[in-house]
Amino acid sequence: MTTTADLIIIGGGIAGVSLAARIAGDRRVILLEGEDQFAYHSTGRSAAMFIRNYGPPVIRVLNRLSEPFLRDHEGFSESPLLSPRGEMTLDFGVDAKEFDVYIDGSKGLEILSADEAHAMVPILNRDRLQRAAYEPDASEIDVHMLFSSFQKQAKSKGADLKAKQMVEALSHQDGIWRVTTKDDVFEAPIVVNAAGAWVDHIARHAGIKPIGITPKRRSAVIIPGPEGCMDWPMIVPAAEDWYAKPDAGRLMISPADADPIEAHDAYPDDMVLAEGIDRFSQATTLEVTRVERSWAGLRSFAPDGDPVVGFADDADGFFWLGGQGGYGIQTSPALSSIAASLLMGQSIDADLEASITPTRFNTKIEMQA
Ligand SMILES: Cc1cc2nc3c(=O)[nH]c(=O)nc-3n(C[C@H](O)[C@H](O)[C@H](O)COP(=O)(O)OP(=O)(O)OC[C@H]3O[C@@H](n4cnc5c(N)ncnc54)[C@H](O)[C@@H]3O)c2cc1C
(Lines give C-alpha, C1' and ligand atoms only; values in the text may rest on other atoms or scores of the structure.)
Protein backbone atom coordinates (compact mmCIF):
# COMPACT_ATOMS: atom_id res chain seq x y z
CA MET A 1 0.00 0.00 0.00
CA THR A 2 1.27 3.51 -0.78
CA THR A 3 0.73 6.25 1.81
CA THR A 4 0.99 9.89 0.76
CA ALA A 5 1.89 13.04 2.69
CA ASP A 6 3.21 16.56 2.12
CA LEU A 7 6.48 15.71 3.83
CA ILE A 8 8.35 12.52 4.73
CA ILE A 9 10.93 12.85 7.50
CA ILE A 10 13.54 10.07 7.70
CA GLY A 11 14.91 9.62 11.24
CA GLY A 12 13.21 9.47 14.63
CA GLY A 13 15.87 11.15 16.77
CA ILE A 14 15.58 14.63 18.24
CA ALA A 15 16.14 16.27 14.84
CA GLY A 16 13.32 14.49 13.01
CA VAL A 17 10.82 14.46 15.86
CA SER A 18 11.33 18.13 16.83
CA LEU A 19 10.81 19.12 13.18
CA ALA A 20 7.65 16.98 13.02
CA ALA A 21 6.35 18.83 16.08
CA ARG A 22 7.03 22.22 14.48
CA ILE A 23 5.58 21.58 11.05
CA ALA A 24 2.69 19.13 11.59
CA GLY A 25 -0.58 21.02 11.47
CA ASP A 26 0.73 23.14 8.59
CA ARG A 27 1.81 20.11 6.55
CA ARG A 28 0.77 16.42 6.49
CA VAL A 29 3.81 14.69 7.98
CA ILE A 30 4.97 11.08 8.01
CA LEU A 31 8.13 10.29 10.00
CA LEU A 32 9.95 7.00 9.37
CA GLU A 33 12.29 5.56 12.00
CA GLY A 34 14.15 2.34 11.21
CA GLU A 35 14.60 1.06 14.77
CA ASP A 36 11.90 -0.45 17.01
CA GLN A 37 12.09 2.58 19.28
CA PHE A 38 12.59 6.30 18.73
CA ALA A 39 15.71 8.12 20.02
CA TYR A 40 17.61 4.80 20.12
CA HIS A 41 20.85 6.20 18.64
CA SER A 42 22.63 9.52 19.42
CA THR A 43 19.60 11.18 21.02
CA GLY A 44 19.36 8.53 23.70
CA ARG A 45 23.10 8.55 24.47
CA SER A 46 24.03 12.19 25.08
CA ALA A 47 25.55 13.92 28.09
CA ALA A 48 22.32 15.93 28.29
CA MET A 49 23.93 19.34 28.79
CA PHE A 50 23.01 22.84 27.70
CA ILE A 51 26.15 25.01 27.64
CA ARG A 52 25.61 28.41 26.09
CA ASN A 53 29.26 28.94 25.20
CA TYR A 54 29.92 25.44 23.86
CA GLY A 55 30.66 25.07 20.17
CA PRO A 56 31.79 27.14 17.18
CA PRO A 57 30.19 30.57 16.49
CA VAL A 58 27.21 29.25 14.48
CA ILE A 59 26.40 26.78 17.25
CA ARG A 60 26.62 29.55 19.85
CA VAL A 61 24.01 31.52 17.86
CA LEU A 62 21.77 28.43 17.80
CA ASN A 63 22.33 27.90 21.55
CA ARG A 64 21.25 31.48 22.20
CA LEU A 65 18.15 31.08 20.01
CA SER A 66 17.24 27.78 21.73
CA GLU A 67 17.70 28.90 25.33
CA PRO A 68 14.37 30.75 25.87
CA PHE A 69 12.42 27.71 24.64
CA LEU A 70 14.36 25.39 26.94
CA ARG A 71 13.98 27.70 29.96
CA ASP A 72 10.25 28.32 29.53
CA HIS A 73 8.59 24.90 29.40
CA GLU A 74 5.06 26.12 30.23
CA GLY A 75 2.54 24.82 27.73
CA PHE A 76 5.07 22.42 26.20
CA SER A 77 6.31 19.90 28.77
CA GLU A 78 4.94 18.65 32.08
CA SER A 79 8.06 19.62 34.01
CA PRO A 80 11.07 21.93 33.52
CA LEU A 81 13.45 20.96 30.73
CA LEU A 82 16.56 22.43 32.39
CA SER A 83 17.95 22.04 35.88
CA PRO A 84 20.97 23.88 37.31
CA ARG A 85 24.36 22.19 36.97
CA GLY A 86 27.01 24.77 35.98
CA GLU A 87 30.08 24.07 33.87
CA MET A 88 33.73 24.75 34.60
CA THR A 89 36.32 24.98 31.84
CA LEU A 90 39.77 24.25 33.24
CA ASP A 91 43.25 25.45 32.40
CA PHE A 92 45.96 23.04 33.53
CA GLY A 93 48.70 25.12 31.89
CA VAL A 94 48.90 22.91 28.82
CA ASP A 95 45.41 24.15 27.89
CA ALA A 96 46.24 27.89 28.13
CA LYS A 97 45.80 28.59 24.41
CA GLU A 98 42.49 26.70 24.14
CA PHE A 99 41.33 28.38 27.36
CA ASP A 100 41.90 31.87 25.90
CA VAL A 101 40.13 30.89 22.68
CA TYR A 102 37.19 29.52 24.71
CA ILE A 103 36.64 32.62 26.80
CA ASP A 104 37.03 34.92 23.80
CA GLY A 105 33.47 35.71 22.71
CA SER A 106 31.90 33.71 25.55
CA LYS A 107 29.09 35.25 27.59
CA GLY A 108 28.26 34.95 31.29
CA LEU A 109 31.54 33.37 32.39
CA GLU A 110 33.18 33.96 35.76
CA ILE A 111 36.97 33.59 35.78
CA LEU A 112 38.07 31.70 38.88
CA SER A 113 41.50 31.33 40.47
CA ALA A 114 42.82 27.80 40.92
CA ASP A 115 41.97 28.00 44.64
CA GLU A 116 38.40 29.10 43.96
CA ALA A 117 37.89 26.33 41.42
CA HIS A 118 39.44 23.76 43.76
CA ALA A 119 37.11 24.87 46.57
CA MET A 120 34.12 24.15 44.30
CA VAL A 121 35.43 20.80 43.03
CA PRO A 122 37.86 19.42 45.62
CA ILE A 123 39.00 16.45 43.48
CA LEU A 124 40.78 18.79 41.03
CA ASN A 125 44.54 18.41 41.08
CA ARG A 126 45.48 21.72 42.72
CA ASP A 127 49.17 21.33 41.79
CA ARG A 128 48.38 21.35 38.07
CA LEU A 129 45.34 23.63 37.91
CA GLN A 130 46.06 27.23 36.82
CA ARG A 131 42.61 28.86 36.47
CA ALA A 132 39.03 28.11 35.47
CA ALA A 133 36.08 29.71 33.69
CA TYR A 134 32.73 29.01 35.35
CA GLU A 135 29.42 29.18 33.48
CA PRO A 136 26.80 29.16 36.25
CA ASP A 137 23.86 29.01 33.82
CA ALA A 138 24.97 25.78 32.15
CA SER A 139 22.20 23.27 32.78
CA GLU A 140 21.23 19.64 32.55
CA ILE A 141 18.60 18.92 29.93
CA ASP A 142 15.84 16.45 30.71
CA VAL A 143 16.30 14.83 27.29
CA HIS A 144 13.54 12.30 27.85
CA MET A 145 11.08 15.09 28.72
CA LEU A 146 12.21 17.25 25.77
CA PHE A 147 11.99 14.38 23.30
CA SER A 148 8.67 12.96 24.55
CA SER A 149 7.11 16.46 24.59
CA PHE A 150 8.14 17.03 20.95
CA GLN A 151 6.77 13.56 20.17
CA LYS A 152 3.46 14.30 21.92
CA GLN A 153 3.14 17.66 20.19
CA ALA A 154 3.85 16.13 16.77
CA LYS A 155 1.21 13.44 17.27
CA SER A 156 -1.39 15.87 18.62
CA LYS A 157 -0.91 18.00 15.48
CA GLY A 158 -1.53 14.96 13.30
CA ALA A 159 1.98 13.74 12.41
CA ASP A 160 2.21 10.01 11.76
CA LEU A 161 5.36 8.78 13.56
CA LYS A 162 6.25 5.26 12.46
CA ALA A 163 8.94 3.04 14.01
CA LYS A 164 10.29 -0.18 12.40
CA GLN A 165 10.33 1.50 8.99
CA MET A 166 13.93 1.27 7.78
CA VAL A 167 14.19 3.24 4.53
CA GLU A 168 15.77 1.05 1.87
CA ALA A 169 15.27 3.04 -1.33
CA LEU A 170 14.32 6.52 -2.57
CA SER A 171 13.40 7.59 -6.06
CA HIS A 172 12.12 10.84 -7.56
CA GLN A 173 9.70 11.11 -10.45
CA ASP A 174 7.30 13.83 -11.65
CA GLY A 175 8.02 15.95 -8.56
CA ILE A 176 7.24 13.15 -6.10
CA TRP A 177 9.65 11.26 -3.82
CA ARG A 178 8.91 7.56 -3.45
CA VAL A 179 10.35 6.19 -0.20
CA THR A 180 10.45 2.42 0.18
CA THR A 181 10.84 0.47 3.40
CA LYS A 182 10.78 -3.33 3.78
CA ASP A 183 6.98 -3.57 3.84
CA ASP A 184 5.63 -0.18 2.74
CA VAL A 185 5.87 2.65 0.22
CA PHE A 186 5.41 6.35 1.05
CA GLU A 187 5.14 9.29 -1.34
CA ALA A 188 5.50 13.05 -0.88
CA PRO A 189 6.89 16.02 -2.82
CA ILE A 190 9.42 16.68 -0.04
CA VAL A 191 11.70 14.32 1.84
CA VAL A 192 13.68 15.45 4.91
CA ASN A 193 16.94 13.67 5.61
CA ALA A 194 17.22 13.67 9.42
CA ALA A 195 18.94 10.30 9.71
CA GLY A 196 21.75 11.38 12.08
CA ALA A 197 24.93 9.40 11.39
CA TRP A 198 23.25 7.92 8.29
CA VAL A 199 22.44 11.15 6.40
CA ASP A 200 25.06 10.52 3.73
CA HIS A 201 23.74 6.94 3.31
CA ILE A 202 20.24 8.35 2.71
CA ALA A 203 21.67 10.81 0.16
CA ARG A 204 23.34 7.91 -1.68
CA HIS A 205 20.04 5.95 -1.66
CA ALA A 206 18.45 9.03 -3.27
CA GLY A 207 21.19 9.36 -5.88
CA ILE A 208 22.35 12.65 -4.36
CA LYS A 209 25.98 13.54 -3.73
CA PRO A 210 26.85 12.99 -0.04
CA ILE A 211 28.16 16.01 1.86
CA GLY A 212 30.81 14.16 3.84
CA ILE A 213 29.01 14.26 7.18
CA THR A 214 31.23 12.06 9.35
CA PRO A 215 30.06 10.16 12.41
CA LYS A 216 32.57 10.40 15.27
CA ARG A 217 32.38 8.10 18.26
CA ARG A 218 32.02 9.59 21.74
CA SER A 219 32.12 7.28 24.76
CA ALA A 220 31.39 7.55 28.46
CA VAL A 221 31.56 5.57 31.69
CA ILE A 222 29.63 5.84 34.94
CA ILE A 223 31.60 5.40 38.17
CA PRO A 224 30.37 5.46 41.78
CA GLY A 225 29.88 9.07 42.84
CA PRO A 226 32.37 10.59 45.29
CA GLU A 227 30.73 12.22 48.32
CA GLY A 228 29.24 15.62 47.58
CA CYS A 229 29.61 15.24 43.81
CA MET A 230 26.03 16.23 43.03
CA ASP A 231 26.97 19.79 44.06
CA TRP A 232 29.77 19.97 41.48
CA PRO A 233 29.49 21.52 38.04
CA MET A 234 30.48 19.65 34.90
CA ILE A 235 34.29 19.89 34.55
CA VAL A 236 36.02 20.10 31.17
CA PRO A 237 39.70 20.89 30.43
CA ALA A 238 39.90 23.60 27.77
CA ALA A 239 41.67 21.11 25.48
CA GLU A 240 38.56 18.88 25.89
CA ASP A 241 40.49 15.63 26.13
CA TRP A 242 38.11 14.32 28.83
CA TYR A 243 35.16 15.66 30.79
CA ALA A 244 33.17 14.65 33.85
CA LYS A 245 29.77 15.48 35.26
CA PRO A 246 27.62 14.35 38.15
CA ASP A 247 24.88 11.98 37.03
CA ALA A 248 22.13 10.87 39.46
CA GLY A 249 24.51 10.49 42.41
CA ARG A 250 27.28 9.03 40.28
CA LEU A 251 29.99 10.51 38.09
CA MET A 252 30.01 10.31 34.30
CA ILE A 253 33.47 10.51 32.73
CA SER A 254 33.99 10.79 29.00
CA PRO A 255 37.36 10.39 27.22
CA ALA A 256 35.94 13.05 24.86
CA ASP A 257 36.90 10.77 21.97
CA ALA A 258 36.05 11.87 18.45
CA ASP A 259 37.20 8.95 16.30
CA PRO A 260 35.71 8.98 12.78
CA ILE A 261 33.81 5.76 12.31
CA GLU A 262 31.25 4.09 10.00
CA ALA A 263 27.64 4.73 11.02
CA HIS A 264 26.56 1.81 13.20
CA ASP A 265 25.10 0.93 16.61
CA ALA A 266 28.07 2.42 18.46
CA TYR A 267 29.83 0.73 21.37
CA PRO A 268 32.88 1.87 23.36
CA ASP A 269 36.47 0.76 22.82
CA ASP A 270 38.05 -0.44 26.11
CA MET A 271 41.43 1.12 25.31
CA VAL A 272 39.87 4.51 24.54
CA LEU A 273 37.97 4.37 27.84
CA ALA A 274 41.11 3.40 29.79
CA GLU A 275 43.17 6.21 28.26
CA GLY A 276 40.42 8.74 28.97
CA ILE A 277 40.11 7.60 32.59
CA ASP A 278 43.88 7.95 32.88
CA ARG A 279 43.75 11.58 31.65
CA PHE A 280 40.94 12.25 34.15
CA SER A 281 42.99 10.65 36.96
CA GLN A 282 46.03 12.82 36.22
CA ALA A 283 43.90 15.97 36.39
CA THR A 284 42.21 14.97 39.67
CA THR A 285 42.97 13.20 42.93
CA LEU A 286 40.19 10.65 42.43
CA GLU A 287 41.17 7.03 41.95
CA VAL A 288 38.84 5.22 39.58
CA THR A 289 38.54 1.66 40.88
CA ARG A 290 35.23 0.56 39.39
CA VAL A 291 33.25 1.29 36.25
CA GLU A 292 29.52 0.61 36.64
CA ARG A 293 28.60 0.90 32.97
CA SER A 294 29.80 2.37 29.71
CA TRP A 295 28.34 3.36 26.36
CA ALA A 296 29.13 5.19 23.14
CA GLY A 297 27.19 7.20 20.60
CA LEU A 298 27.89 9.01 17.35
CA ARG A 299 28.27 12.76 16.89
CA SER A 300 28.08 13.63 13.20
CA PHE A 301 29.97 16.56 11.72
CA ALA A 302 29.98 18.27 8.32
CA PRO A 303 33.45 19.11 6.94
CA ASP A 304 33.27 22.66 8.41
CA GLY A 305 31.71 21.55 11.70
CA ASP A 306 28.45 23.48 11.26
CA PRO A 307 24.97 21.96 10.88
CA VAL A 308 23.51 21.31 7.44
CA VAL A 309 19.94 22.56 7.09
CA GLY A 310 18.12 23.39 3.87
CA PHE A 311 17.13 22.16 0.43
CA ALA A 312 19.76 20.41 -1.69
CA ASP A 313 20.66 22.14 -4.94
CA ASP A 314 21.13 18.89 -6.81
CA ALA A 315 17.60 17.45 -6.39
CA ASP A 316 14.15 18.99 -6.05
CA GLY A 317 12.41 18.55 -2.71
CA PHE A 318 15.36 16.93 -0.89
CA PHE A 319 15.96 18.69 2.45
CA TRP A 320 19.00 18.13 4.68
CA LEU A 321 18.76 18.28 8.49
CA GLY A 322 22.07 16.85 9.68
CA GLY A 323 25.54 17.50 11.06
CA GLN A 324 24.40 18.57 14.55
CA GLY A 325 27.68 17.29 16.01
CA GLY A 326 27.79 17.34 19.81
CA TYR A 327 25.08 19.98 20.09
CA GLY A 328 21.95 18.41 18.57
CA ILE A 329 19.93 18.29 21.78
CA GLN A 330 20.62 21.82 22.97
CA THR A 331 20.14 23.34 19.52
CA SER A 332 17.01 21.31 18.64
CA PRO A 333 14.52 24.10 19.47
CA ALA A 334 16.23 26.54 17.09
CA LEU A 335 17.15 24.05 14.37
CA SER A 336 13.63 22.59 14.19
CA SER A 337 12.09 26.05 14.00
CA ILE A 338 14.55 27.15 11.29
CA ALA A 339 14.00 23.94 9.31
CA ALA A 340 10.21 24.37 9.50
CA SER A 341 10.49 27.98 8.27
CA LEU A 342 12.69 27.00 5.33
CA LEU A 343 10.40 24.11 4.41
CA MET A 344 7.40 26.46 4.40
CA GLY A 345 9.21 28.98 2.22
CA GLN A 346 9.62 31.54 5.00
CA SER A 347 12.78 33.60 5.25
CA ILE A 348 15.25 33.31 8.11
CA ASP A 349 18.29 35.40 9.05
CA ALA A 350 20.39 35.56 5.88
CA ASP A 351 23.78 35.11 7.58
CA LEU A 352 22.56 32.13 9.53
CA GLU A 353 21.00 30.60 6.42
CA ALA A 354 24.28 31.02 4.52
CA SER A 355 26.19 29.28 7.35
CA ILE A 356 23.97 26.21 7.46
CA THR A 357 22.76 25.73 3.88
CA PRO A 358 23.87 22.49 2.20
CA THR A 359 24.58 24.53 -0.92
CA ARG A 360 27.69 25.95 0.78
CA PHE A 361 29.40 22.73 -0.25
CA ASN A 362 28.55 23.46 -3.91
CA THR A 363 27.27 19.98 -4.52
CA LYS A 364 25.88 20.82 -7.94
CA ILE A 365 29.05 22.50 -9.19
CA GLU A 366 31.24 19.61 -8.03
CA MET A 367 28.94 17.05 -9.66
CA GLN A 368 29.09 18.88 -12.96
CA ALA A 369 32.86 19.35 -12.82
C1 LIG B 1 28.23 10.73 24.25
C2 LIG B 1 27.48 11.89 23.60
C3 LIG B 1 27.28 13.04 24.34
C4 LIG B 1 26.53 14.10 23.80
N5 LIG B 1 26.25 15.17 24.59
C6 LIG B 1 25.45 16.16 24.12
C7 LIG B 1 25.06 17.22 24.98
O8 LIG B 1 25.42 17.27 26.16
N9 LIG B 1 24.26 18.20 24.46
C10 LIG B 1 23.83 18.17 23.16
O11 LIG B 1 23.12 19.10 22.74
N12 LIG B 1 24.18 17.16 22.33
C13 LIG B 1 24.97 16.15 22.77
N14 LIG B 1 25.31 15.11 21.96
C15 LIG B 1 24.92 15.16 20.54
C16 LIG B 1 23.47 14.76 20.32
O17 LIG B 1 23.20 13.55 20.98
C18 LIG B 1 23.22 14.64 18.80
O19 LIG B 1 23.63 15.82 18.14
C20 LIG B 1 21.75 14.42 18.49
O21 LIG B 1 21.20 13.38 19.28
C22 LIG B 1 21.55 14.12 17.01
O23 LIG B 1 20.18 13.84 16.81
P24 LIG B 1 19.68 13.20 15.47
O25 LIG B 1 18.20 13.10 15.54
O26 LIG B 1 20.29 13.92 14.32
O27 LIG B 1 20.35 11.74 15.42
P28 LIG B 1 19.84 10.35 16.03
O29 LIG B 1 19.34 10.49 17.41
O30 LIG B 1 20.94 9.36 15.81
O31 LIG B 1 18.60 10.00 15.11
C32 LIG B 1 18.73 9.62 13.76
C33 LIG B 1 17.75 8.49 13.52
O34 LIG B 1 17.70 8.14 12.14
C35 LIG B 1 17.40 6.78 12.05
N36 LIG B 1 17.76 6.25 10.74
C37 LIG B 1 18.99 6.16 10.18
N38 LIG B 1 18.91 5.58 8.97
C39 LIG B 1 17.60 5.32 8.74
C40 LIG B 1 16.88 4.72 7.68
N41 LIG B 1 17.51 4.26 6.57
N42 LIG B 1 15.54 4.60 7.78
C43 LIG B 1 14.87 5.04 8.88
N44 LIG B 1 15.52 5.61 9.95
C45 LIG B 1 16.85 5.75 9.87
C46 LIG B 1 18.25 6.17 13.16
O47 LIG B 1 17.78 4.89 13.53
C48 LIG B 1 18.14 7.21 14.26
O49 LIG B 1 17.13 6.89 15.20
C50 LIG B 1 26.04 14.03 22.47
C51 LIG B 1 26.27 12.86 21.72
C52 LIG B 1 26.96 11.81 22.27
C53 LIG B 1 27.16 10.55 21.47
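Quick look at the numbers
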| item | result |
| --- | --- |
| Given (1) within 13 Å of the ligand (Cβ to nearest atom); (2) open to solvent by 30 Å² or more (accessible area, probe 1.4 Å); (3) closer than 30 Å to Phe318 by Cα, number of the condition Gly11 does not satisfy | (2) |
| Filter result for the condition that a residue is surrounded by 18 or more Cβ atoms within 10 Å (Cβ to Cβ), away from the ligand (no atom under 16 Å from the Cβ) and of a type in the set (D, E, K, R), over Asp91, Asp100 | Asp91 |
| Flag if Leu298 is more than 14 Å from the ligand (Cβ to nearest atom) and closer than 30 Å to Ala154 by Cα | no |
| Evaluation of Gly34 against (1) within 27 Å of Arg250 (Cβ to Cβ); (2) within 9 Å of the ligand (Cβ to nearest atom) (one fails), failing number | (1) |
| Condition met for Ala15 (within 13 Å of the chain's Cα centre (by Cα), among the aliphatic types (A, V, I, L, M) and in a helix (DSSP H, G or I)) | yes |
| Filter result for the condition that a residue is at pLDDT 95 or above and among the acidic types (Asp, Glu), over Asp183, Asp174 | Asp174 |
| Elements of type strands (runs of 3 or more DSSP E) contained in the range 171-233, each with 2 or more residues being more than 20 Å from the chain's Cα centre (by Cα) and closer than 21 Å to Gly44 by Cα | 214-224 |
| Residues of the range 36-66 satisfying the condition of being among the polar types (S, T, N, Q) and surrounded by fewer than 18 Cβ atoms within 10 Å (Cβ to Cβ) | Gln37 |
| Tabulated pairs, the range 153-168, first free of Cβ contacts under 8 Å to residues at least 40 places away in the same chain, second open to solvent by 60 Å² or more (accessible area, probe 1.4 Å) and within 15 Å of the ligand (Cβ to nearest atom), C-beta under 7 angstrom, 6+ apart or interchain | Glu168/Lys182 |
| Filter result for Glu116 (under 22 Å from Gly228 (Cβ atoms), open to solvent by less than 30 Å² (accessible area, probe 1.4 Å), out of contact with any Phe, Trp or Tyr (no Cβ under 6 Å at 6 or more places or on another chain) and not small (Gly, Ala, Ser)) | no |
| Residue match in the range 122-134 (condition: of a type outside the set (A, V, I, L, M, F, W, C), more than 25 Å from Ala21 (Cβ to Cβ), within 16 Å of the ligand (Cβ to nearest atom) and open to solvent by 60 Å² or more (accessible area, probe 1.4 Å)) | no |
| Ala119 being free of Cβ contacts under 8 Å to residues at least 12 places away in the same chain and farther than 21 Å from Val61 by Cα | yes |
| Subset of the range 148-184 that is among the acidic types (Asp, Glu) and farther than 15 Å from Ala21 by Cβ - its residue that is surrounded by the fewest Cβ atoms within 10 Å (Cβ to Cβ) | Asp174 |
| The listed residue being under 27 Å from Gly325 (Cβ atoms), near the ligand (Cβ under 9 Å from one of its atoms) and open to solvent by less than 40 Å² (accessible area, probe 1.4 Å), out of Ile190, Ile211, Ile141 | Ile141 |
| Tally, over the range 139-162, of residues that are assigned to a loop (DSSP other than H, G, I, E, B) and within 16 Å of the chain's Cα centre (by Cα) | 1 |
| Hey, Glu67 more than 19 Å from the chain's Cα centre (by Cα) and outside the structural domain of Tyr243 (by TED's automatic domain parsing) or not | no |
| Which listed residue is touching a residue at least 40 places away in the same chain (Cβ under 8 Å) and over 21 Å from Ala21 (Cβ atoms), from Glu227, Glu187 | Glu187 |
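Condition check ((1) within 9 Å of the ligand (Cβ to nearest atom); (2) among the hydroxyl-bearing types (Ser, Thr, Tyr)) across all residues:
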position	(1), (2)
Ser18	yes, yes
Arg22	no, no
Arg27	no, no
Thr43	yes, yes
Ala48	yes, no
Arg60	no, no
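The values are calculated or read from the model by the stated rules, or taken from the named source; none is laboratory data. All values derive from a computational prediction rather than experimental measurement. For neighbour counting, all protein chains shown are included, and Cβ atoms are generated from backbone atoms with ideal geometry for every residue, glycine included. These area figures cover heavy atoms from the full protein model, side chains too; ligands, DNA and RNA do not enter into them. Shrake-Rupley method; radii C 1.70, N 1.55, O 1.52, S 1.80 Å.
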